[in-house]
Amino acid sequence: VSLGDERQILARIAAMAPAPRNSGVVLGIGDDCAIYRPTFGEELVLTTDMVIEDVHFRRHMHPPEAVGYKALARGLSDIAAMGATPRFCLVSLAVAGWVDEAWIDGFYRGLCGLAEQTGTHLAGGDLSHGRQLVCDVVVAGSVVAGEALRRDGAQPGDILYISGTLGGAALGLHSQQGEAWQRHTHPVPRLALGRRLRELGVTACMDLSDGLSLDLQRLCLASKVAALLAEEVPVFPGASLEQALHGGDDYELLFTAPAERALPGRLEDVRLTRIGTIVAGDPGVVTHRGTLLEPLGYDHFRQQPSDS
Ligand SMILES: [Mg+2]
């Protein structure tokens, strides 16, 4: 993409950006900065996620719309996990030599479609070049001050729940077809569910991005507790128990609630399943049916079993 095209590209991106309805953004794309006007009693929650060619997607496997959609969906899932409402996002994209204008348009179509659906205003960003494609998406959400759902609030005796089913994204990455492929390419951020869980007073919450075994360990470490996975983990149809326990990219919510607070089996059209109990013990230790559950989920800084 030559530099001369940049203004045109920016104009097309701005045209795709959803109108700032009630997002709090009073000045969007086009000036040196965007302006966000907070309302009284609100707190901002902020998250940033990178998408890197050959790490998070492969250009011959993932269409540009799917790459753009998921680049935003991952941040929105974090906003959902905090029980917050998305307000705006900032998108920086460095394109590689193989990228053409059609790819850039597809990427922003996917991203802006999800932004529109979720009331997230594309408030700004940056365009550049690189040896491989790298994208970074910052998402800001708002929540009533002091009420964001955090991962450090789980207490011994709390019941452990997850939304939906697990392992679908791992199966989809492997099979590249059907509903499972859709799960891998187009995960649905649980925004409405996250807000309801906050209203219902859950004690800790996080989204499952790197696999249950690893993310549950993180929640337990943050809360300084241990966990017993005693019940059946709901597995995506066709996926293995391994994929459900260790597969990443499901973007379901993992949360805890006091035992005396009965939660419904379904909320905001999503199934909720009780999978275990929080207990006192060595922080971060997770036991699954009597044996230690190794945190084998995805960790960028640890050698993966398949690498060795
Ligand atoms: Mg997260």
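The values are calculated or read from the model by the stated rules, or taken from the named source; none is laboratory data. Computed from a prediction, not measured in an experiment: that's the story for all the values here. Don't worry about glycine lacking a Cβ; one is built from the backbone with ideal geometry, like all the others, and counts go over all protein chains shown.
I'd like to verify a number: residues in the stretch 29-42 that are surrounded by 11 or more Cβ atoms within 10 Å (Cβ to Cβ) and either of a type in the set (D, E, K, R) or in contact with a Phe, Trp or Tyr (Cβ under 8 Å, 6 or more places away or on another chain) (or both), how many?
Residues that pass the stated criteria total 3.
Looking only at the stretch 88-96, decide whether some residue is assigned to a loop (DSSP other than H, G, I, E, B) and over 15 Å from the mean Cα position of the chain (by Cα).
yes
Consider GLU260 carefully, then state whether it is without any contact (Cβ under 8 Å) to a residue 12 or more places away in the chain, more than 20 Å from PHE57 (Cβ to Cβ), of a type in the set (Asp, Glu) and away from the ligand (no atom under 16 Å from the Cβ).
yes
Could you tell me which residue of the stretch 167-192 is farthest from the ligand (Cβ to nearest atom), considering only residues that are of a type in the set (A, V, I, L, M, F, W, C) and crowded, with 24+ Cβ neighbours inside 10 Å?
LEU171
State all residues of the stretch 39-95 that are hydroxyl-bearing (Ser, Thr, Tyr), more than 16 Å from the ligand (Cβ to nearest atom) and either within 27 Å of HIS174 (Cα to Cα) or modelled with pLDDT under 95 (or both); if no residue qualifies, say none.
Within the stretch 39-95, THR39, TYR69 meet the criteria.
Would you tally the residues in the stretch 273-287 being under 25 Å from the mean Cα position of the chain (by Cα), of a type outside the set (Ser, Thr, Tyr) and either in a strand (DSSP E or B) or surrounded by 16 or more Cβ atoms within 10 Å (Cβ to Cβ) (or both)?
Of the residues in the stretch 273-287, 7 are under 25 Å from the mean Cα position of the chain (by Cα), of a type outside the set (Ser, Thr, Tyr) and either in a strand (DSSP E or B) or surrounded by 16 or more Cβ atoms within 10 Å (Cβ to Cβ) (or both).
Would it be correct to say that LEU114 is in a helix (DSSP H, G or I), under 19 Å from LEU191 (Cβ atoms) and within 16 Å of the ligand (Cβ to nearest atom)?
no
Considering only residues that are surrounded by fewer than 22 Cβ atoms within 10 Å (Cβ to Cβ) and out of contact with any helix residue (DSSP H, G or I) (no Cβ under 8 Å at 6 or more places or on another chain), which ones fall in the stretch 143-158?
VAL144, ALA145, GLY146, PRO156, GLY157, listed by residue number.
Cβ-Cβ distance below 6 Å, separation of 6 or more or different chains: which pairs start in the stretch 198-212 with a residue that is touching a residue at least 12 places away in the same chain (Cβ under 8 Å) and farther than 23 Å from LEU173 by Cα and end on one that is part of a helix (DSSP H, G or I) and within 10 Å of the ligand (Cβ to nearest atom)?
CYS205/ALA81
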